[in-house]
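The structure appears right after this line, and notes come after that.
The values are calculated or read from the model by the stated rules, or taken from the named source; none is laboratory data. If you're wondering where the values come from, they're calculated on a predicted model, not measured in any experiment. Neighbour counts are summed over all protein chains in view; Cβ atoms, including those assigned to glycine, are modelled from backbone coordinates with ideal geometry. Accessible surface areas use protein heavy atoms only, side chains included; no ligands, DNA or RNA. Shrake-Rupley method; radii C 1.70, N 1.55, O 1.52, S 1.80 Å.
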Amino acid sequence: MSDLINDAIDFETRATFFSGAQMEGTIKIGNVGFEFDYLNQRIAKNILIAFCDIRKVEINISVRGKLGKEFTIVLPTQAVLRFSSEETGKVIKILREKIGKDNVVRAPNLLSSFGLRR
């Protein structure tokens, strides 16, 4: 059995973690934190992040305002963890409730560097 930080799981979905290579697994959001369980347990230990350790979550939003499938979790150490999921909207909604809506922001893009973003 793997190490867990949550006593109860509020939401669970399939996802991909990008760390130089694509790693398939499961995102679990519970009462204490965010977990990513690898499908292949021989690859590495699971990613366990308490909500108090998440500095912000960045969401990819297109120019037309559509929510992308990818999101990034930024930790206080400036470490960046990038994930992709078919149910990104639900994941972001739950994370916004857990860490506060001020910590969920739009990811910078090319247009924002020129001041052209709405």
(Q) How big is the dipole moment of the chain about its Cα centre under a simple scheme where the beta carbon of each Lys and Arg is +1, that of each Asp and Glu is -1, and everything else is neutral? Debye, nearest 20, please. (A) 660 debye
Q) If you work out Cα Rg over 2.2 N^0.38 Å from the coordinates, which of (1) 1.07; (2) 1.13; (3) 1.88 do you get? A) (1)
Q) Hey, rough spin-label estimate for residue 97 and residue 24, points 7 angstrom out along Cα→Cβ, what's it come to in nanometres? A) 2.9 nm
Q: As a check on your grasp of the helix formula, calculate [θ] at 222 nm for the chain: sum -39500 (n - 2.57) over DSSP H runs of n ≥ 4, divide by the residue count, round to the nearest 500.
A: -3500 deg cm²/dmol
Q | Å² of accessible area per residue within the chain, as computed with a 1.4 Å probe and no ligands counted | A | 63 Å²
Q: Heads up, I need the accessible area for residue 74: 1.4 angstrom probe, whole protein in place, Å², nearest 10.
A: 10 Å²
Q) What is the total of Lys pairs in the chain with C-alpha atoms under 18 Å apart, excluding same-chain pairs fewer than 8 positions apart? A) 18
Q) So how tilted is helix 88-99 from the main axis of the chain? Cα-based, degrees 0 to 90, rounded to 10. A) 80 degrees
